[in-house]
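Novice: Sending over a structure as C-alpha cells; questions will come in a sec.
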Amino acid sequence: MTELKRVMISIPDEMLEEIDSFAATEKLSRSQFFRDAMGNYIEDCKHRAFVENMKKGYEEMAVINLTLAEEGLFAEMAGRG
C-alpha cells in the first residue's frame, strides 16, 4: 500500500459539515473522501489539459490541411491549363 502522509488544511465550518455529510452518505472516512475528491480533481485537470492539447492540435492541423488542399487544387488547375 502507498504510504500516506498527513497534511493540514483549512476550510470553512460549513464546508466541513457538507463534507462530513457526503462522506457519511458514501460510508467513507473524511480522509478517504478527501483522497477521492483530490484524485477526481487531478484526473479532471489532466483530462481538460488533454482536451485542450487535442483542440490545439486539430486547429493546427486544420491550417496545414487547408494549405495542402489549396496547393493541390492550384497544382491540378495548373496541370489542366
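The values are calculated or read from the model by the stated rules, or taken from the named source; none is laboratory data. What you are looking at is a predicted structure, and each value in this text was computed from that prediction instead of being measured. Cβ coordinates were reconstructed from backbone atoms using ideal geometry, including for glycine residues, and neighbour counts include every protein chain displayed. Heavy atoms of the whole protein, side chains included, go into the accessibility calculation; ligands, DNA and RNA do not. Shrake-Rupley method; radii C 1.70, N 1.55, O 1.52, S 1.80 Å.
Novice: Please compute the per residue accessible area over the chain with all protein chains in place, 1.4 Å probe, rounded to a whole number of Å².
Specialist: That works out to 94 Å² for each residue.
Novice: How much solvent-accessible surface does GLU70 expose, in Å² to the nearest 10, with a 1.4 Å probe and all protein chains in place?
Specialist: The accessible area of GLU70 comes to roughly 80 Å².
Novice: Rolling a 1.4 angstrom probe over the protein chains, ignoring ligands and nucleic acids, what is the accessible area of PHE22 in square angstrom, nearest 10?
Specialist: Answer for PHE22: close to 120 Å² accessible.
Novice: Could you work out how far apart the two model spin labels at LYS56 and LYS5 are, taking each label as a point 7 Å from the Cα in the direction of the beta carbon, and quote it in nm?
Specialist: 2.8 nm
Novice: Which net charge results when you count Lys and Arg as +1 and Asp and Glu as -1 among the other residues whose beta-carbon is under 14 Å from that of LEU4?
Specialist: +2
Novice: Now, a different point. At 1.4 Å probe size, put MET54, MET38 in order of accessible surface, largest to smallest.
Specialist: MET38, MET54
Novice: Sticking with this one: Whenever you get a sec, compute what percent of the accessible area on the chain sits on carbon and sulfur atoms (1.4 Å probe).
Specialist: Accessible surface attributable to carbon and sulfur in the chain totals 60 percent.
Novice: Then there is this: Give me the one-decimal nm value for the distance between modelled label points at LYS27 and HIS47, 7 Å along each residue's Cα-to-Cβ direction.
Specialist: The answer from the label model is 2.5 nm.
Novice: For THR25, tell me the accessible area in Å² from a 1.4 Å probe, rounded to the nearest 10.
Specialist: 100 Å²
Novice: Something else about it: Report the residue, chosen from GLU18, GLU60, GLU71, that carries the largest GNM mean-square fluctuation when the chain is represented by alpha-carbon nodes joined by springs under 10 Å.
Specialist: GLU71
Novice: Ok, one more. Lysine pairs in the chain with alpha-carbon atoms under 29 Å apart, 8 or more places apart or on different chains: how many are there?
Specialist: 5
Novice: With each run of n ≥ 4 DSSP H residues scored as -39500 (n - 2.57), what mean residue ellipticity at 222 nm is computed for the chain after dividing by its residue count and rounding to the nearest 500 deg cm²/dmol? All intermediate terms of the calculation are to be shown ahead of the outcome.
Specialist: Values: 2 runs with 64 residues, N = 81.
That comes out to -28500 deg cm²/dmol.
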